[in-house]
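Remarks on the structure that follows.
The values are calculated or read from the model by the stated rules, or taken from the named source; none is laboratory data. Fair warning: this is a prediction, and the values are worked out from it, not measured in the lab. Cβ: placed from backbone, ideal geometry, glycine included. Neighbour counts: every protein chain shown.
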Amino acid sequence: MMKKTYLSVLISLGLMLINLHSAYGQDPLSPEELLKLKTIGAVQISPDKKEVIYSVSTPRGPNDKPGSSARQYLRASLTDWVPIPLFENIANVSSPQYSSDGKHIGFLYAKKGEPRQVWVRKSSGGSIKKLTNEPSGVSQFKWQPGKNGIAYLSKTMTTDREKELKNRGYDFIFYEENLKNSSLHLARFDEAWNQTSVWKITQEGNTWDFEFDRQGKRIAASISPLNLIDQRYMFRKIFLIDLESGKMKQVSENEGKLGNYSFSPDGQHLAYAAALNINDSQVSQAFVVNLTSGSVSNLTPEDFRGHVSWVNWKDNDHLLYHAGEGVYPTLSVVPVTGGPREVILNAADKGIIFGHPLFTADFKHFVFSGSAPTDVSNLYHWDGKSALKKVTNLNPWLKEKLLGKQEVIRYKARDGQEIEGIMIQPVAYEAGKSYPLIVYVHGGPEAHETNGWRSRYATPGQVMAGKGYLVLYLNYRASTGYGVDFAMEGFMDPAGKEFDDIADGIEWAVRDKGADPNRVGMAGGSYGGYASEWFATYYTKSAKAVSMFVGISNSVSKRGTTDIPYEELYVHSGKKLEEQWQLDLERSPVYWAHQSKTATLIYGGAADTRVHPSQSLELYRRMKMNDHPAVRLVQYPGEGHGNRKQVGQIDVLHRQMEWLDWYVRDLKPLDGPMPRLDISDTYGLDWNY
């Protein structure tokens, strides 16, 4: 009877899709179409306020050489927005930027067999010239305002002795020792762009990034003792460097995570985004330091129910900041002396999820990259008053696709806490009918879902909606965007309230939205992978199948293998492992693996240093040793914490869909055959045999 009922539902759904297609001439978004979506990035507005540089990223196809998306840089007038390629005959260019007078454009470029260096050409075009010749190459650079000069970062060079040892096979790995720090340099040039001098400014520690003041006389730089990702996360401080005297002093008082920073136009203040304290899981506050007195002020609203993510200046007296507030970002202005903020742009009103803006000093031109529920990525222009104007159209064919309706949802968790999220309805959704449910869980957990385009290769919500699934993206407790207190609900309580919120969200979807309790799947990466494993083991009754991507399976061993152990200690665990062995053990999916009745697909990069590949292996082995009939482990060679190359992205998308369709949509038995191992016929390959 159950099989007949299920078959009739499938037939009805199929007929509904056929009718919709014939009525509107539209099809749902396919996996292949999802993987070819272009995205945009705003780069810089020219000093004369006349044009903007932006980038367009185009994914590689299944038959292309493995690699990340190809990036093209374009320039366009702020009036007619006609795109013109910035570099016609040069490939693999990055970081283009105007000189302070706008007459030249500098960029990073590497000739074949050489490290990346800084090159320059006239803004109007013409020949290019190399400005630096660092043996280790250059990772970042910026023009010195008002001067023929650039500051740049370059790593300590490898010595001849080290090279010889490597050539002879003695290239041993000294773990977290013998590190090559990046140092800050300042180079000056004559009118013909011949280097006249170069000064290595920082001698100790690792310099991560830097900013000039607008007078070109000082640099603010974030520095930590060592070149380790954990140090970048937790131990960066901002130092002020006087370019005449060479004197350097620390000016930030941040504990823990640090975001961007910016000088006021007159150079009297420095604003920076940072965590509230060392236990704050993410950048959340807007600070301003008076560079004369050294006093630091926090200009974030008291008890702010959001997270400040970026700071800049409207003028000498007013700070500008971007914040995530729930599922929408905002842009606000606040007096440097303190007081109420003015929200000048709210995505909840405009319908566009906008990023950090580029803007002109007169506050009359703002340029954003932005997305919407039905539009993955485009460039927007705003005059500071009226509606945002969409000025590019990267994926015009997307408007012809039949997409599931996306909406903001809210529900009460078991303790009464309101939880917010995003729901995508199945294409052809009808209230009162039953649908399979997919929950996509974001990572971090210090991140949050916004009401923009949500579909990616590992979380393909619109593709699944086109296949008849109800899709949820939830901002469970410990997410950002709802204030520091909400984000710290997961502090010292991993897999506690945060994952209970997800279980409560599933019950809400079953009760109020037509989700079938017997057909629930879940997928996520990193902390979202941890959640997926938790629902494969501890909450196994709530999920029929999961797809776990680079997820945590053993909190004990994860703390000993991750490349961010101090970040894990200070913003997640709160105590050293020796003080909470039992808690970490009991909040580990491996501890509950023996009771799993959930089909579990495990996949991730074989070179992941954030969540070591052994985490995947541990869960796989514990399930196998407990005779679990439906567990599979797939690893991607050379990939880290997420797949950069298109080949791995293609496999993740298609493998996840087949796994969830098999066990969730089609209700194949757990103890029956697993989905096929070779899915290469779905990749879109041109075969040579």
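Quick check on this structure: which one of GLY452, GLY490, GLY421 is modelled with pLDDT of 95 or more and over 27 Å from LEU34 (Cα atoms)?
It is GLY490.
Do any helices (runs of 4 or more DSSP H) lying entirely in region 412-530 carry at least 3 residues that are among the β-branched types (Val, Ile, Thr), and which ones are they?
497-512
Conditions tested, residue by residue: (1) surrounded by fewer than 24 Cβ atoms within 10 Å (Cβ to Cβ); (2) touching a strand residue (DSSP E or B) at 6+ places or on another chain (Cβ under 7 Å); (3) farther than 16 Å from SER479 by Cβ.
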| residue | (1), (2), (3) |
| --- | --- |
| GLU418 | yes, yes, no |
| GLY421 | no, yes, no |
| GLN425 | yes, yes, yes |
| TYR429 | yes, no, yes |
| LYS433 | yes, no, yes |
| TYR440 | no, yes, no |
| GLY444 | yes, no, no |
| ARG454 | yes, yes, no |
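Kindly check whether there is at least one residue in region 85-97 that is surrounded by 13 or more Cβ atoms within 10 Å (Cβ to Cβ), under 23 Å from GLY149 (Cβ atoms) and out of contact with any strand residue (DSSP E or B) (no Cβ under 9 Å at 6 or more places or on another chain).
Scanning region 85-97, I find no residue that is surrounded by 13 or more Cβ atoms within 10 Å (Cβ to Cβ), under 23 Å from GLY149 (Cβ atoms) and out of contact with any strand residue (DSSP E or B) (no Cβ under 9 Å at 6 or more places or on another chain), so the answer is no.
In region 100-128, which residues are surrounded by 14 or more Cβ atoms within 10 Å (Cβ to Cβ) and of a type in the set (Lys, Arg)?
The answer is ARG116, ARG121.
Modelled with pLDDT under 95 and of a type outside the set (Lys, Arg), is that true of GLU325?
No, not satisfied.
Is it the case that some residue within region 137-152 is among the β-branched types (Val, Ile, Thr), within 30 Å of ASN312 (Cβ to Cβ) and outside the structural domain of ILE278 (by TED's automatic domain parsing)?
So far as region 137-152 goes, yes, one or more of its residues are among the β-branched types (Val, Ile, Thr), within 30 Å of ASN312 (Cβ to Cβ) and outside the structural domain of ILE278 (by TED's automatic domain parsing).
Which one is surrounded by the fewest Cβ atoms within 10 Å (Cβ to Cβ), of the residues in region 361-405 that are assigned to a loop (DSSP other than H, G, I, E, B) and among the β-branched types (Val, Ile, Thr)?
So the residue we want is THR374.
Could you tell me which residue of region 545-584 is surrounded by the most Cβ atoms within 10 Å (Cβ to Cβ), considering only residues that are without any contact (Cβ under 8 Å) to a residue 12 or more places away in the chain and of a type in the set (Asp, Glu)?
Among those that are without any contact (Cβ under 8 Å) to a residue 12 or more places away in the chain and of a type in the set (Asp, Glu), it is GLU568.
To keep it simple, each residue is scored yes or no on (1) polar (S, T, N, Q); (2) in contact (Cβ under 8 Å) with a residue 60 or more places away in the chain.
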residue: VAL308; (1), (2): no, no
residue: ASN312; (1), (2): yes, no
residue: LEU319; (1), (2): no, no
residue: VAL336; (1), (2): no, yes
residue: PRO340; (1), (2): no, no
residue: PHE354; (1), (2): no, no
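How many of the residues in region 73-93 are modelled with pLDDT under 95 and within 23 Å of the chain's Cα centre (by Cα)?
Residues in region 73-93 being modelled with pLDDT under 95 and within 23 Å of the chain's Cα centre (by Cα): 2 in total.
Based on what the data block shows, is ASP209 over 16 Å from SER136 (Cβ atoms), surrounded by fewer than 21 Cβ atoms within 10 Å (Cβ to Cβ) and touching a residue at least 60 places away in the same chain (Cβ under 8 Å)?
yes
Do you know which residues across region 531-569 are part of a helix (DSSP H, G or I) and charged (D, E, K, R)? First the steps, then the outcome.
Taking region 531-569 as the starting set, the residues that turn out to be part of a helix (DSSP H, G or I) are 531-537, 540-542, 555-561, 565-569.
Within region 531-569, GLU533, LYS541, LYS558, ARG559, GLU567, GLU568 qualify.
Here is a check on your reading of the model: is TYR98 in contact (Cβ under 8 Å) with a residue 24 or more places away in the chain and farther than 30 Å from GLY648 by Cα?
yes
Kindly evaluate SER281 against the criterion of being buried (at least 19 other Cβ atoms within 10 Å of the Cβ), in contact with a strand residue (DSSP E or B) (Cβ under 9 Å, 6 or more places away or on another chain) and either aliphatic (A, V, I, L, M) or modelled with pLDDT of 95 or more (or both).
no
From TYR663, TYR603, which residue is on the phi < 0 side of the Ramachandran plot, touching a strand residue (DSSP E or B) at 6+ places or on another chain (Cβ under 8 Å) and touching a residue at least 60 places away in the same chain (Cβ under 8 Å)?
Every option except TYR663 fails the conditions.
Can you tell me which residue is surrounded by the most Cβ atoms within 10 Å (Cβ to Cβ) among those in region 172-196 that are in a loop (DSSP other than H, G, I, E, B) and of a type in the set (D, E, K, R)?
This residue is LYS180.
So, in region 573-600, how many residues would count as being β-branched (Val, Ile, Thr) and farther than 23 Å from TRP662 by Cβ?
Total meeting the criteria: 1.
Kindly establish whether GLU164 is assigned to a strand (DSSP E or B), acidic (Asp, Glu), more than 21 Å from ILE90 (Cα to Cα) and not assigned by TED's automatic domain parsing to the domain that holds ASN312. Spell out how you get there, then give the answer.
On the way: assigned to a strand (DSSP E or B): no; acidic (Asp, Glu): yes; more than 21 Å from ILE90 (Cα to Cα): yes; not assigned by TED's automatic domain parsing to the domain that holds ASN312: yes.
In short, no.
Going through region 227-273 one residue at a time, which ones are closer than 15 Å to THR292 by Cα and among the basic types (Lys, Arg)?
If the condition is that a residue be closer than 15 Å to THR292 by Cα and among the basic types (Lys, Arg), then LYS247, LYS249 are the ones that fit.
Which residues, taken from region 340-381, are among the acidic types (Asp, Glu) and in contact with a strand residue (DSSP E or B) (Cβ under 7 Å, 6 or more places away or on another chain)? Before the answer, list the steps.
Step one: of region 340-381, the residues among the acidic types (Asp, Glu) are 342, 349, 362, 375.
Matches in region 340-381: GLU342 only.
Can you name every residue in region 592-633 that is of a type in the set (A, V, I, L, M), buried (at least 16 other Cβ atoms within 10 Å of the Cβ) and not in a helix (DSSP H, G or I)?
ALA599, LEU601, ILE602, VAL611, ALA630, VAL631, LEU633
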